[in-house]
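The block underneath contains the structure these notes are about, expressed in structure tokens.
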Amino acid sequence: MSEAYELARLDATAQAELIKRKEIKPLELVDAAIERVERLNPKVNAVVTTMYEQARSAAVHKLPNGFFRGVPFLLKDLVAYCAGGRMQEGSAFLHDFIPDHDSELVKRLKRAGLIIIGKTNTPEFGLGVTTEPCLFGPARNPWDLSRTTGGSSGGSAAAVASGMVPMAHGNDGGGSIRIPSSCCGLFGLKPTRGRNPLGPEYGDVKSGLVVEHAITRSVRDSAALLDATSGPDPGDPYCAPAPTRRFLKEVGTDPGRLLIAIATKPITGGPVHADCISAVLDAAKLCSDLGHEVVEASPSISGELYTLALGTIWTSGCAWTIDRWARVLNREPTIDQFEPPTAILYEMGKQQSASAYLLALEVVQIIARDIAKFLTKYDVWLTPTINEPPVQLGYFAPVPDNPMQGWFRSGDFSAFTTICNLTGQPAMSVPLFWNTEGLPIGTHFIGRFGDEATLFRLAAQLEEVRPWAGRRPAVSA
């Protein structure tokens, strides 16, 4: 087996250790990752823009002496600006837009020593729970190429699961880190609202729904990366409570005996596949065997009010996204420039009133208080990540007589994840279960606002007793 594929077995922390010990050079790591991308990407379609020249140049020049110095990394093609890298956000409307500067998050990624080698596939403007943009075609799940990777960080998940890179950037506005992590058998943490910066381009994306982080194979990579990127940026509209110590210190720390609430029904009342229920019950037993107390409990929340509020914010957010890009690019948007569901959401958003939006925010803030009170009694809330195993590609596609069919299906798919975006809670999808078809099914753990520490402690404990890094999909380096 070539060195490129031996390196693919290592997480980002281990790859960085090779650099520190001078057992390998950054350029060798970068070239090995590029080799894997070139070989695997035709099968999974995870990477839509390559930045090889910039990456090789960075690797041979003096790199910042950050935790991940010399480790190759992929940036999701959404939200985060990267100077000199084509930015499409899955939409033809952007016409090969190339930013002339880095977002603050990208600056921090680079200061951590990461080398960006390309950008990953995403649905148009990140609006879907599957990564199947018309512009680039579908990202394919390495566990089964006929299945979805989830969305909207599906390209990043496919890249990490197949072994192109040890971790990749993701952002999460309704489950977009956790859903692909579940579908692709990876660890995905959505941090607390305000933990990572969104500036200077963005302040409060969809009233706080969107947060930045990454998809990883190991818990320690996620924790160390959050150490490198988190913290307020001057002018941020709000920030998360400061951690008491570095997140990496939490990995391996005994979480103590946690009181874990478990629920298998979404507040929307939609259906849940038996395999996803089995995954949660299996995780609950595992937690109980580890000494935690697990009880059935859920906060009392109106599913109808939740759905109405989310619809108002999401459609308004779609209209804002397109109008913002129209202003940045100085282009007039027309309906025919977008995929049919995006165009319909845009029109729906344009019809929302300011009053309706503020009423929706009021509902969201009531829900946030209800969940915060619920989590004063429980340390963690355990649910499915998604409501069914990775579905076939095309499952969320529009049909001629109902172009919004996929949109309504996506509401059930993301029913457990989106609530954390509305409330700002940290949450993680942990790969503890595979069904009889060999498909991964993540388990969702929701923490208290600002308390990623407990999640990292619990995740590391679960990773130790039921490790997943050795599992490899059909398409893998």
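The values are calculated or read from the model by the stated rules, or taken from the named source; none is laboratory data. The structure presented is a predicted model; accordingly, all values stated were derived computationally and were not measured. No Cβ is skipped: glycine too gets one built from the backbone with ideal geometry, and neighbour counts run over all protein chains shown.
Scanning segment 198-229 for residues that are in a loop (DSSP other than H, G, I, E, B), closer than 16 Å to Val106 by Cα and touching a Pro at 6+ places or on another chain (Cβ under 7 Å) yields a total of 1.
For segment 336-362, residues that are more than 24 Å from the chain's Cα centre (by Cα) and farther than 21 Å from Phe408 by Cβ total 9. For segment 313-343, a residue qualifies if it is out of contact with any Pro (no Cβ under 6 Å at 6 or more places or on another chain), among the hydrophobic types (A, V, I, L, M, F, W, C) and assigned to a helix (DSSP H, G or I), and the qualifying residues are Ile313, Trp314, Cys318, Ala319, Trp320, Trp325, Val328, Leu329, Ile335, Ala343. In segment 344-361, the qualifying residues are those that are free of Cβ contacts under 8 Å to residues at least 40 places away in the same chain and within 18 Å of Arg324 (Cα to Cα), and the one that is surrounded by the fewest Cβ atoms within 10 Å (Cβ to Cβ) is Ala354.
Set side by side, the residues Thr130, Thr192 differ, and just one is of a type in the set (Ser, Thr, Tyr) and touching an Asp or Glu at 6+ places or on another chain (Cβ under 9 Å), which is Thr192. Taking segment 429-459 as the range and being within 19 Å of the chain's Cα centre (by Cα), of a type in the set (Gly, Ala, Ser) and either more than 20 Å from Arg246 (Cα to Cα) or not in a loop (DSSP other than H, G, I, E, B) (or both) as the test, the residues that pass are Ser429, Gly442, Ala453, Ala459. It is to be established whether one or more residues within segment 414-421 are of a type outside the set (A, V, I, L, M) and surrounded by fewer than 24 Cβ atoms within 10 Å (Cβ to Cβ). Within segment 414-421, none of the residues are of a type outside the set (A, V, I, L, M) and surrounded by fewer than 24 Cβ atoms within 10 Å (Cβ to Cβ).
A search for C-beta distances below 7 Å between a residue of segment 246-271 that is outside any strand (DSSP E or B) and acidic (Asp, Glu) and any residue that is surrounded by 14 or more Cβ atoms within 10 Å (Cβ to Cβ) and at pLDDT 95 or above, counting only pairs 6+ apart in sequence or on different chains, returns Glu250/Ala223; Glu250/Ala453; Glu250/Phe456; Glu250/Arg457. All conditions in (1) more than 22 Å from the chain's Cα centre (by Cα); (2) surrounded by fewer than 20 Cβ atoms within 10 Å (Cβ to Cβ); (3) not polar (S, T, N, Q) hold for Tyr238, with the sole exception of (1).
Among the residues of segment 362-390, those that are buried (at least 20 other Cβ atoms within 10 Å of the Cβ), assigned to a loop (DSSP other than H, G, I, E, B) and touching a Phe, Trp or Tyr at 6+ places or on another chain (Cβ under 8 Å) comprise Thr385, Ile386, Asn387, Pro390. Looking at Thr216, Thr229, Thr192, just one residue is farther than 20 Å from Leu75 by Cα and hydroxyl-bearing (Ser, Thr, Tyr), and that residue is Thr192.
Residue-wise test of (1) in contact (Cβ under 8 Å) with a residue 24 or more places away in the chain; (2) assigned to a helix (DSSP H, G or I); (3) at negative phi; (4) surrounded by fewer than 20 Cβ atoms within 10 Å (Cβ to Cβ).
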position: Pro234; (1), (2), (3), (4): no, no, yes, yes
position: Lys285; (1), (2), (3), (4): no, yes, yes, yes
position: Ser300; (1), (2), (3), (4): yes, no, yes, yes
position: Leu305; (1), (2), (3), (4): yes, yes, yes, yes
